[in-house]
Every structure is written in structure tokens, then in C-alpha cells.
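Coordinate-derived values only; no laboratory data. Small disclaimer: the values here were computed from a predicted structure and weren't measured. As a convention, Cβ positions derive from the backbone with ideal geometry for all residues, glycine included, and neighbour counts pool all protein chains shown.
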Amino acid sequence: MMKTDTLDQIAYELYKAERDVSEVTKFVDQYPELTVETAYDIQDKLIELKRMHEQTTISGLKLGLTSKAKQQMMGVHEPSYGVLLANMALNPQLPISLKSLIHPKIEPEIAFVFKEDLRGPIVTVAQVLKATDYIAPAMEIIDSRYLNFNFTLPDVIADNSSSSRYILGSQKYAVNEVDLVNMGCIFTHNDEIFATSTAGSVMGHPARAIAWMANKLIARGQHIRAGDIVLSGALTGAATMHAGDSFTVSFDGMESLTVEVER
Ligand code: OOG
Ligand code: MG
């Protein structure tokens, strides 16, 4: 058992690392007893700190490490989740500033926006699809607060699953308008293909990843709410961002989404 004070202190160090655009070393080195459950307690504390100091609200949730591509890239072989805050949303029409970010990477995601709460007792894929208002192409900017993006599963969970910013396409699609298993995804960096994938790379079906998270949340007395934006987890590996870069994600049957980085 770790002391509450220690959990508060870890949450504060992660909050400060983001605020001061500086890195920390992973906590599992110092606290080998850090479990996944305790890491979610730290994440809750971190979100409370961010809500209070940044005067923002929760806009949804994100999954992480839901595809083989991402699991292999990060050396962590189980999914995680984190919270999205309203001040993380970026407008795709405006160039992205990297000024307040440590070592940002960007990755293609599918966003699900909910029209109903998803309470248990057990959430199924069918319930996820029924509760979804619409889906949209999305990108996530991840910016681990850990030195060199080096972490274990509890570390990354405590750090809100590396969440930093997110960008949603403006077109909305019904879940049955696209094939959420076979839909192809092309992720380009400066007009060259960076990676390709299919929607099913996310746990066979992205709604399965969301059902997995919904059940984890219920076990913690939380749930997906009507209005929440939920990111599926990246379909491909993440691309490092540099000044002047442009990134596009194109899904079969959906409008493509492009973002530009400030020069
Ligand atoms: C962890 C977050 C992973 C995703 O979509 O897989 C993630 C990381 O890679 O830093 O957001
Ligand atoms: Mg992601």
C-alpha cells in the first residue's frame, strides 16, 4: 500500500512537469509497488489538479495502447485509458504551436461521441454502438511527461496515458455508415505515407476497446457520459512532430483531416 501523500506528490510532479514543459523519470523505479489500480487513483488526482488550476472541464476519455502497432512501439502490451479536458481540444483550421509541449507525437484515432450514458453492470460492443451519437476522424497529440517517453503501464496510466491535445474532424458519421473492422486508414506526414492500418487494428473493433474501458470505469464507480468524446486509441504508430510539419489522416468513407504545425 502506498501512502496517500505519496500519490498526491506523484500527481503534483506530473502536473508540474506538464506545466513547466519538463520531464520526470518514471515512478516505478522509485516505487516498484505502484499498481495499475493505484496509478488510476493518481490519474484521478492529476485530473483534479488540472481542472482546478487550468479552470477547465472534462470533455471525454481516451484509450491508449489498443493496437499492436502502439503496444510494440511503446513496449507496453496492455491498453490504458485517460481523461480528455476541454482545453486539450485544438481547431484543425489553426496551425499547432509546439511551444508548450515537451516532445509531442501525433497519431490517428477514431472519435466516438456519446448521446447516452454507458452504465453497466456489463457494457457490450452493441451497447457502445447504440449509445454512440456519431463517429469522426481524429488525431491525438501525445506528450508523455516521462524522459524519452520511457514508462511502464502504471507510469503511463498515472500520467493520464500521455494525453496532451486532440483534434476532431467536423463531419459526423453514423456508426453503421462505415465498416469499423475493415475501414482503411492512411496516415501521411508531409505528403508521404507514414503508416497505414484498418479500424479493426484497435482490438478487432474500436467499440470493443471502448467497451473494455467502460467496464473498467464502472468497476471504479465512474462511467462514460452523454456528450463525452472518446478516442479509440491510435491505429498506427505515432509520428514525432516538428515545426512546419503537416499530418493527414484519411479513413475510407470519411472526410480526411489535416493539421499543420507552426513554423
Ligand atoms: C501512451 C498513450 C497511447 C494510443 O493511442 O495508443 C495512446 C503513449 O504511447 O505515450 O494514446
Ligand atoms: Mg492516442
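A straight Cα-to-Cα reach below 15 Å connects Lys70 with the aspartates and glutamates Glu78, Glu107, Glu109, Glu140, Asp143, residues fewer than 8 places away in its own chain not being considered.
Take the chain, connect every pair of alpha-carbon atoms lying under 10 Å apart with a spring to form a Gaussian network, then pick out the residue of Ser232, Ser201, Ser170 with the largest mean-square fluctuation. Fluctuation is largest for Ser170. Rounded to the nearest 0.05, the FRET efficiency derived from the C-beta distance between Ser100 and Gln222 at R0 = 22 Å is 0.20. Structure note, pairs Lys115/Lys172; Lys3/Lys62; Lys68/Lys105: Cα-Cα distances above 20 angstrom occur for Lys3/Lys62. The label-point distance for Asp5 and Ser22, in a model that sets each label 7 Å from Cα toward Cβ, rounds to 2.2 nm. Full extension of the segment from Arg263 to Asn91, taken as 0.36 nm per residue of separation minus the current Cα-Cα distance, would add 60.2 nm.
Rg over Rh for the stretch 164-263 works out to 1.00, using Cα positions for both radii and the Kirkwood form for Rh. Relative to a virtual label point 7 Å from the Cα of Arg51 in the Cα→beta-carbon direction, which members of the stretch 2-20 show backbone nitrogen distances below 17 Å? Answer for this model: 8, 11-12, 15. Would any residue of the stretch 64-98 have its amide N under 14 Å from a label point 7 Å out along Cα→Cβ of Ile122? List them or say none. Inside the label zone: nothing.
Peptides 72-81, 152-161, 116-125 ranked from most to least packed, by the mean per-residue count of other Cβ atoms within 10 Å: 152-161, 72-81, 116-125.
Extension gain, Thr196-Tyr12: 0.36 nm per intervening residue step, less the Cα-Cα distance, totals 62.5 nm. A simple charge model with +1 on the Cβ of Lys and Arg, -1 on the Cβ of Asp and Glu and nothing else charged puts the dipole of the stretch 1-40 at about 20 debye relative to its Cα centre.
Ordering of 174-181, 56-63 by packing is 56-63, 174-181, highest average first (other Cβ atoms within 10 Å, averaged per residue).
From the largest down, the chain spans 50, 48, 35 angstrom on the principal axes of its Cα atoms.
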